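Enquirer: Let me give you the structure first, and then I'll get to my questions.
The values are calculated or read from the model by the stated rules, or taken from the named source; none is laboratory data. Quick caveat, the model's predicted, so the values are computed rather than measured. Because the Cβ atoms are built from the backbone with ideal geometry, glycine has one as well, and the counts that use them run over all protein chains shown. The protein model used for the area step is the full one, side chains on, heavy atoms only, and it has no ligands, DNA or RNA in it. Shrake-Rupley method; radii C 1.70, N 1.55, O 1.52, S 1.80 Å.
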Amino acid sequence: MLRLDVGSGDNPKPGYTGVDLYAEAPGVVKAPMNQLPYEEETVDEIFCSHALERIGKYEVIPTLAEFWRVLKWDGRLTIEVPDLEWVCRNWLKYRSADWHMDAIFGDQSTPGQYHKTGFTKQIMYQYLAAAGFVHRAVDCATIWSHEQDCLVFTLTK
């Protein structure tokens, strides 16, 4: 069974193969999210947590299409991203250049720590449909993670 943790950094989820362009850890595949080094329909599961916001908005659909390409039929996709609406409300409440701004733009401490786009439920549904996940049931939950409201999307190819 091949399960990928895309955007894993140096610490992939246990039981998953990490894939991260900026990772330095042994065993983590160094590759961009939109060019996964796997054949079509060979991946059983993709977990992508707090990574999609780190690519430009015009890269999101090609990246999701790449997930579609490598996932097997009945393969599972889980995506966790910050809730853009929460992040904006939070910044408007505190109006500071510390963590509250980092929640919008990333902490920018290393090349992979920049946020380049944001997601709401509706935006993600549109991106998923455009990437090929048409007529797929998408479950979306709001969870508290990384000190903020986050959206978790789960679906099956």
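Enquirer: Filter the range 79-90 down to residues that are surrounded by 16 or more Cβ atoms within 10 Å (Cβ to Cβ) and either among the hydrophobic types (A, V, I, L, M, F, W, C) or assigned to a loop (DSSP other than H, G, I, E, B) (or both), then give me how many there are.
Expert: Residues in the range 79-90 being surrounded by 16 or more Cβ atoms within 10 Å (Cβ to Cβ) and either among the hydrophobic types (A, V, I, L, M, F, W, C) or assigned to a loop (DSSP other than H, G, I, E, B) (or both): 5 in total.
Enquirer: Also, I was wondering about something else. In the range 19-59, which residues are in a strand (DSSP E or B) and of a type outside the set (A, V, I, L, M, F, W, C)? Working first, answer last.
Expert: Filtering the range 19-59 for residues in a strand (DSSP E or B) gives 19, 29, 43-49.
Result: ASP44, GLU45, SER49.
Enquirer: I've got another one for you. Please specify each residue of the range 47-62 satisfying the condition of being open to solvent by 20 Å² or more (accessible area, probe 1.4 Å) and of a type outside the set (A, V, I, L, M).
Expert: Hits for the range 47-62 are PHE47, SER49, ARG54, LYS57, TYR58, GLU59, PRO62.
Enquirer: It is to be established whether one or more residues within the range 3-18 are in contact with a strand residue (DSSP E or B) (Cβ under 6 Å, 6 or more places away or on another chain), free of Cβ contacts under 8 Å to residues at least 24 places away in the same chain and part of a strand (DSSP E or B).
Expert: Within the range 3-18, one or more residues are in contact with a strand residue (DSSP E or B) (Cβ under 6 Å, 6 or more places away or on another chain), free of Cβ contacts under 8 Å to residues at least 24 places away in the same chain and part of a strand (DSSP E or B).
Enquirer: For the condition on the phi < 0 side of the Ramachandran plot and at pLDDT below 95, what is the one hit in GLN113, GLN126? Walk me through how you get there before you give the answer.
Expert: On the way: GLN126 fails: at pLDDT below 95.
Going through GLN113, GLN126 in turn, just one is on the phi < 0 side of the Ramachandran plot and at pLDDT below 95: GLN113.
Enquirer: How many of the residues making up the range 108-157 are exposed (fewer than 12 other Cβ atoms within 10 Å of the Cβ) and hydrophobic (A, V, I, L, M, F, W, C)?
Expert: Residues flagged as exposed (fewer than 12 other Cβ atoms within 10 Å of the Cβ) and hydrophobic (A, V, I, L, M, F, W, C) within the range 108-157 amount to 4.
Enquirer: Could you please give the count of residues in the range 38-62 that are without any contact (Cβ under 8 Å) to a residue 40 or more places away in the chain and over 23 Å from GLN113 (Cα atoms)?
Expert: 4
Enquirer: Just checking, which of ALA129, ALA103, ALA65 is in contact (Cβ under 8 Å) with a residue 24 or more places away in the chain, over 20 Å from ASP149 (Cβ atoms) and not in a loop (DSSP other than H, G, I, E, B)?
Expert: Values: ALA129 fails: in contact (Cβ under 8 Å) with a residue 24 or more places away in the chain; ALA103 fails: over 20 Å from ASP149 (Cβ atoms).
Residue meeting the stated conditions: ALA65.
Enquirer: Here's another thing I want to ask about it. Listed residues LYS116, LYS93, LYS157; which is basic (Lys, Arg) and within 30 Å of GLU24 (Cα to Cα)?
Expert: Values: LYS93 fails: within 30 Å of GLU24 (Cα to Cα); LYS157 fails: within 30 Å of GLU24 (Cα to Cα).
Only one candidate qualifies: LYS116.
Enquirer: Just to be sure I understand the filter: pairs with C-beta atoms under 8 Å, separated by 6 or more residues or on different chains, first member in the range 133-147 and farther than 24 Å from ILE61 by Cα, second member of a type in the set (A, V, I, L, M, F, W, C) and in a strand (DSSP E or B). Which pairs pass?
Expert: TRP144/CYS150
Enquirer: Another question about this same structure. Of all residues in the range 6-28, count the ones that are open to solvent by less than 40 Å² (accessible area, probe 1.4 Å), more than 19 Å from PRO82 (Cβ to Cβ) and aliphatic (A, V, I, L, M).
Expert: 4
Enquirer: Would you call THR154 assigned to a strand (DSSP E or B) and polar (S, T, N, Q)?
Expert: Details: assigned to a strand (DSSP E or B): yes; polar (S, T, N, Q): yes.
So THR154 fits the description; yes.
Enquirer: Out of CYS88, CYS150, I need the residue that is in contact with a Pro (Cβ under 8 Å, 6 or more places away or on another chain) and more than 17 Å from ASP44 (Cα to Cα). Which one? Break it down into steps so the answer makes sense when it comes.
Expert: Details: CYS88 fails: in contact with a Pro (Cβ under 8 Å, 6 or more places away or on another chain).
Just a single option satisfies the conditions, and that option is CYS150.
Enquirer: I've got another one for you. Test ARG76 against the stated conditions and say whether it is among the charged types (D, E, K, R), within 11 Å of the chain's Cα centre (by Cα), open to solvent by 20 Å² or more (accessible area, probe 1.4 Å) and within 20 Å of SER8 (Cα to Cα).
Expert: Working: among the charged types (D, E, K, R): yes; within 11 Å of the chain's Cα centre (by Cα): no; open to solvent by 20 Å² or more (accessible area, probe 1.4 Å): yes; within 20 Å of SER8 (Cα to Cα): yes.
Criteria not met by ARG76.
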